[in-house]
Amino acid sequence: MNRRTSQLKTGFTLIEVVISLGVFALAIVALVNSLGIASGFSVSEARRVRGTEILHGCFRDLSFVQGSSTAPSPTLAIAPIVWGAKPVQVRLWFDHEGMRVTDEGDGYFKCDLTATRDPAGKLGHLHGRVVWPAVRKKGPPDGEVELFTSLMLP
């Protein structure tokens, strides 16, 4: 028996190890990149949910203050409004957490509400719009995101 063939060692060569580490590094880079993209979608969706919650809260509170003799709304302290044929507009500001703030400079979400009644006075129309800055990874906001909805109340 040849002495050389009997002493062959099994294992990986240096080239095989380098190639496998390169493939592993590419997989890690792709995974980290996809996590960053998913994180951006998560933040965007969280703001959309917050905007929806703000509109629902405003609509709920405005349904409590339809008449001029009622007290301010329980949650947002919206003053009583008289719904008539002439539109009544209310603008509210909210911070990142969805809490109402009185100063526009402290606001992140801007909520515009318009309330009207049909000429017969039977149906109330409530239109809501929430606006917040569009998110970018770096730099200033890239425009605004808007959420609209309407509601008809007796």
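Structure data summary
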read-out: Any chance residue 145 is modelled with pLDDT of 85 or more, among the hydrophobic types (A, V, I, L, M, F, W, C) and touching a strand residue (DSSP E or B) at 6+ places or on another chain (Cβ under 8 Å); value: yes
read-out: Residue 98, sole failed condition from (1) part of a strand (DSSP E or B); (2) touching a Lys or Arg at 6+ places or on another chain (Cβ under 6 Å); value: (1)
read-out: Residue match in the stretch 110-125 (condition: crowded, with 16+ Cβ neighbours inside 10 Å, polar (S, T, N, Q) and assigned to a strand (DSSP E or B)); value: yes
read-out: Qualifying residue in the stretch 32-55 (condition: surrounded by 10 or more Cβ atoms within 10 Å (Cβ to Cβ), of a type in the set (A, V, I, L, M, F, W, C) and touching a strand residue (DSSP E or B) at 6+ places or on another chain (Cβ under 6 Å)); value: yes
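The values are calculated or read from the model by the stated rules, or taken from the named source; none is laboratory data. Since we're looking at a predicted model, the values are computed, not measured. Cβ sites come from the backbone with ideal geometry, for glycine too, and all protein chains shown count toward neighbours.
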